[in-house]
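Have a look at the structure below, then the notes.
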Amino acid sequence: MRAAPNPTLSCCCCRFASPKCVPSAIPNPRFRFGASSPPLRSVSVSTPVASSSSSAAEEPSSPITATSRRRLILLRHAESVWGGRFTRDHDRPLSEVGRSNAISISQKLEQMGWIPELILSSDATRTKETLEILRENIKGLNQAKVHFIPSFYSIAAMDGQTAEHLQKAICEFSTDEILTVMCMGHNKGWEEAASMLSGDTVELKTCNAALLEASGRSWMEAFSVVGLGGWKLHGILKP
């Protein structure tokens, strides 16, 4: 049965004013930022989180330790149709094969227990439709916060900039308590980012997902400590 999400829509703009996300604050010289990445702007879709019980609120929360495993899913959109003569690339919808593959990848992510708590996605039609299918087929995914980031569409076409851009977005929108994040977008940038972060040669066909892991008390620490090439490639998930 199709789930009936009841998201709350809001618009927000961010230019990384928070000190925790300022690239220069990262101490590791192996991972340095360029100055050309476009600012992030997002339309967010979030589901309210139920308030904690009074007894839980009275007790201090457990500190995030340095061994906290952080999981990053880099998912390329499912296969799309080319569209008509007047259809923009940004507006191309999924094909029937793409829809079937999105259902398959949903089932595999759920079986493996890689359920994101935060989803950052390109706002292209084919990426939104892929996400819609995932939300229909993965139990609990409707509880994840979602941000559609227009720059994810354009950054993927720029050489060597996607990994940096994804790190900025994750640090901006995530919190230390979130341990699994999924970024949805396009090639060539997505497989390039997966390759740069893991140090392996990664190929992502449509609806393929690179599953990456690192440890840290925060996402910023995880990125800064392991640097480029330090993320463990848990595997490539295929439909």
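The values are calculated or read from the model by the stated rules, or taken from the named source; none is laboratory data. Every value quoted in this text rests on a predicted model; they were computed, and no experiment measured them. Note that each Cβ is placed from the backbone with ideal geometry, even for glycine, and that neighbours are counted across all protein chains shown. All accessible areas refer to the heavy atoms of the entire protein, side chains included, with ligands and DNA or RNA removed. Shrake-Rupley method; radii C 1.70, N 1.55, O 1.52, S 1.80 Å.
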The stretch 68-122 - convex hull of alpha carbons, volume per residue in Å³:
79
Judged on accessible area alone, 1.4 Å probe, highest first, F86, F148, F223 line up as F86, F148, F223
Within the stretch 95-167, trypsin sites (Lys or Arg not before Pro) in DSSP loop having at most 11 other beta-carbon neighbours inside 10 Å
K139
Do any of K108/K205; K168/K238; K139/K168; K168/K232 go past 21 Å between their Cα atoms, and which?
K168/K238; K139/K168
Rounded to a whole number, what % of the accessible area of the stretch 173-229 do carbon and sulfur atoms account for, probe 1.4 Å?
48
When the convex hull of the C-alpha atoms of the stretch 109-198 is computed, what volume per residue in Å³ does it have?
97
Tell me the GluC sites (Glu not before Pro) within the stretch 119-226 that lie in a loop according to DSSP and have at most 15 other beta-carbon atoms within 10 Å.
E177, E203
Would you list, by chain and number, the aspartates and glutamates whose Cα falls below 13 Å from the Cα of K128, excluding same-chain residues fewer than 8 positions away?
E79, D91, E136
